[in-house]
């Protein structure tokens, strides 16, 4: 490295914004890939959500039926063997009508909406995503709900 004489101007590195912490909400995570489920589960726990995990739609419904308190948000993979994410969401909402839903998929939101898999107004997060992406999307969905309750 060459010797620099004089003062060196330091450019601050951009720092990713810290995600908003949860308000203790319960999230039901439904993902059929065990590795993805584990990683996303850890992301949610690091954000201080109460996390219930299911490997498929049927397991998610069993978990939901056993709960006494509501599910604040369903985070579900869109494309799964057996019950898909939309079907899981429809059935969970029969049990807990106020449950928010965030779909995730490796397919782009454009492809999913264009092929009619999801309504254009549905909440969607494309995989892969960061913890900050997930946190921002969750707060975007959940904060208006928590303000309405308060």
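The values are calculated or read from the model by the stated rules, or taken from the named source; none is laboratory data. Quantities reported herein were computed from a predicted structural model and do not represent experimental measurements. Glycine also receives a Cβ, built like all others from the backbone with ideal geometry; neighbour counts cover every protein chain displayed.
Just a few scattered comments:
- Meets criteria (in contact with a strand residue (DSSP E or B) (Cβ under 8 Å, 6 or more places away or on another chain) and buried (at least 18 other Cβ atoms within 10 Å of the Cβ)) for residue 63: no
- Search result, residues across region 120-135 that are at pLDDT below 95 and either within 18 Å of residue 25 (Cβ to Cβ) or assigned to a helix (DSSP H, G or I) (or both): 123, 125
- Check on residue 74, surrounded by 17 or more Cβ atoms within 10 Å (Cβ to Cβ), in contact with a helix residue (DSSP H, G or I) (Cβ under 8 Å, 6 or more places away or on another chain) and assigned to a helix (DSSP H, G or I): no
- Residue count, region 26-50 (criterion: crowded, with 20+ Cβ neighbours inside 10 Å and either more than 12 Å from the chain's Cα centre (by Cα) or assigned to a strand (DSSP E or B) (or both)): 4
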